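*Asks:* This structure is in structure tokens; I'll ask about it shortly.
Please treat every number below as a calculation from the coordinates, not as lab data. This one's a predicted model, so the numbers in the text were calculated from it and none came from an experiment. As a convention, Cβ positions derive from the backbone with ideal geometry for all residues, glycine included, and neighbour counts pool all protein chains shown.
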Ligand SMILES: NC(=O)c1ccc[n+]([C@@H]2O[C@H](COP(=O)([O-])OP(=O)(O)OC[C@H]3O[C@@H](n4cnc5c(N)ncnc54)[C@H](O)[C@@H]3O)[C@@H](O)[C@H]2O)c1
């Protein structure tokens, strides 16, 4: 297949690109390198430096290249920046996505994969509703969560009006090799950087806030499964709403992350506890039974194993 990965120079997108190329696909990447890194790009990927807000160039590119599949990872994904600059967040995450959707329809793209956030769209989740299923109420408490969910609505609309085949993956907090500091699981890479430099880590609040930490290799496998899965290719009675949580189904605390790293690095520097951050969600983790049911996907890498792999990468690559 001829595949376009937006944000393919970023942390998760670059791993997805690698996997598609391993599978023998022809892969194109567009990325404006705002947080991405050219050195993460696979040599066999065709890289085009482009901003998804640049509508004219996006439309032209799609008409020339006629992609079969669009895997849309590019985003403004810094939750704190989204709070400070909600208009910028909406420009990239909503309007940029709309540019891609319009271009997909005009150029005959066969499938569109959109990356949403299981950590941001549900908002605060009641204890009795944890882990949250895809049908949980959507109550985002950040502009980033809102912008991700808005695009989910557009996808439904584009399917109804233009028969676009799509799948949404709502990731938990993704961590792993090439991870940056600002992502939803940024705490891990920040802790690793601090601890490798023999500096104490700062924990905001009690450290008992729970998140669904999912290893990037597991997330990549989910992308490969859904690239070949057509949720609309079923009798009406078996219609599958094409939104899937991709996480572990378990909540892990910031204190647990710290303890795993402390053991792996045999560090004896205690963390510094600071006041909780305003508006931070206390508990969010997601049920992934739907992905298991429809495309037999489950997370495979344990938190300790994944952190060990991530740590190894940082040890080799942190200059
Ligand atoms: N990291 C997580 O824990 C997590 C969790 C849930 C969802 N997601 C989603 O996964 C996707 C990838 O996130 P990531 O963690 O790899 O982040 P990342 O910042 O490493 O990747 C995003 C990529 O998009 C590019 N980009 C940003 N704005 C762009 C624009 N206007 N035009 C073109 N390219 C642009 C960046 O340069 C970067 O390469 C995002 O959509 C994010 O919202 C991430």
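*Asks:* What share of the DSSP beta bridges in segment 159-282 is antiparallel, in percent to the nearest 5?
*Replies:* 15 percent
*Asks:* By its C-alpha gyration tensor, with a ≥ b ≥ c as the square roots of the eigenvalues, how is segment 160-293 shaped: rounded for a/c under 1.5, else prolate for a/b larger than b/c, else oblate?
*Replies:* prolate
*Asks:* For the Cα atoms of the chain, what angle does the longest principal axis make with the long axis of helix 303-317, in degrees from 0 to 90, nearest 10?
*Replies:* 90 degrees
*Asks:* When a/c reaches 1.5 or more, the comparison of a/b and b/c decides; with that in mind, is segment 263-306 rounded, prolate or oblate per its Cα gyration tensor? Write out the running numbers ahead of the final one.
*Replies:* Numbers: a/c = 7.14, a/b = 1.54, b/c = 4.63.
Oblate, since a/c reaches 1.5 and b/c is not below a/b.
*Asks:* Which ordering of 161, 240 is given by a fewest-first count of other beta-carbon atoms within 10 Å? Don't skip to the end; give the middle numbers.
*Replies:* Numbers: 161 9, 240 17.
Ascending number of Cβ neighbours within 10 Å: 161, 240.
*Asks:* Tell me the Kirkwood radius of the chain: reciprocal of the mean inverse pair distance over distinct alpha-carbon atoms, in Å.
*Replies:* Result for the chain, one decimal place: 20.0 Å.
*Asks:* Another question, then. By how many nm would the segment from residue 81 to residue 46 lengthen if fully extended, with 0.36 nm per residue of separation less the alpha-carbon distance? The partial results should precede the final answer.
*Replies:* Numbers: separation 35, 0.36 × 35 = 12.60 nm, distance 3.00 nm.
Contour length minus Cα-Cα distance gives 9.6 nm.
*Asks:* Gain in length, residue 268 to residue 55, computed as 0.36 nm per residue apart minus the alpha-carbon separation, to one decimal in nm?
*Replies:* Gain on extension, residue 268 to residue 55, equals 71.5 nm.
*Asks:* Considering Cα pairs under 8 angstrom that are at least six residues apart, work out the relative contact order of the chain and quote it in whole percent.
*Replies:* Here the relative contact order equals 18 percent.
*Asks:* If the chain between residue 230 and residue 190 were fully stretched, how many nm would it gain, using 0.36 nm times the residue separation less the Cα-Cα distance?
*Replies:* Value of the extension gain: 10.6 nm.
*Asks:* Mind giving me the FRET efficiency for residue 137 and residue 277? R0 is 25 Å, r the Cβ-Cβ distance, nearest 0.05 is fine.
*Replies:* In this case the efficiency is close to 0.60.
*Asks:* Now, a different point. Give the angle, between 0 and 90 degrees and rounded to the nearest 10, that separates the Cα long axis of helix 254-265 from the longest principal axis of the Cα atoms of the chain.
*Replies:* 70 degrees
*Asks:* Of the DSSP beta bridges with both residues in the chain, give the percent that are antiparallel, rounding to the nearest 5.
*Replies:* Numbers: 2 of 37 bridges.
About 5 percent, rounded to the nearest 5.
*Asks:* Then there's this: From zero outward in steps of 5 Å, how is the percent of C-alpha pairs of segment 1-77 spread across the bins?
*Replies:* Result, from short to long distances: 3, 18, 32, 26, 16, 5, 0 percent.
*Asks:* While we're here: What residues of segment 134-175 lie in the reach of a label at residue 293, counting those whose backbone N is under 14 Å from a point 7 Å from the Cα along Cα→Cβ?
*Replies:* Output list for this probe position: 134-136.
*Asks:* Between rounded, prolate and oblate, where does segment 241-319 land on the alpha carbon gyration tensor, with a ≥ b ≥ c its root eigenvalues, rounded for a/c under 1.5, else prolate if a/b exceeds b/c?
*Replies:* Numbers: a/c = 2.63, a/b = 1.48, b/c = 1.78.
Since a/c reaches 1.5 but b/c is at least a/b, the shape of segment 241-319 is classed as oblate.
*Asks:* With angles folded into 0 to 90 degrees, how steeply does helix 11-22 sit against the dominant principal axis of the chain? Use alpha carbons for both and round to 10.
*Replies:* Result, in degrees: 50.
*Asks:* I'd like the distance between the alpha-carbon centres of segment 119-155 and segment 282-313, rounded to an integer number of Å.
*Replies:* Here the answer is 19 Å between Cα centres.
*Asks:* For a footprinting-style exposure proxy, rank 246, 138, 58, 30 by other Cβ within 10 Å, fewest first.
*Replies:* Lowest to highest Cβ neighbour count: 138, 58, 30, 246.
*Asks:* Would you list 2, 66 from fewest to most Cβ contacts within 10 Å?
*Replies:* The most exposed by this proxy come first: 66, 2.
*Asks:* Put a dot 7 Å past each Cα toward the Cβ at residue 208 and residue 159; how far apart are the dots in nm?
*Replies:* Those two pseudo-labels are separated by 4.0 nm.
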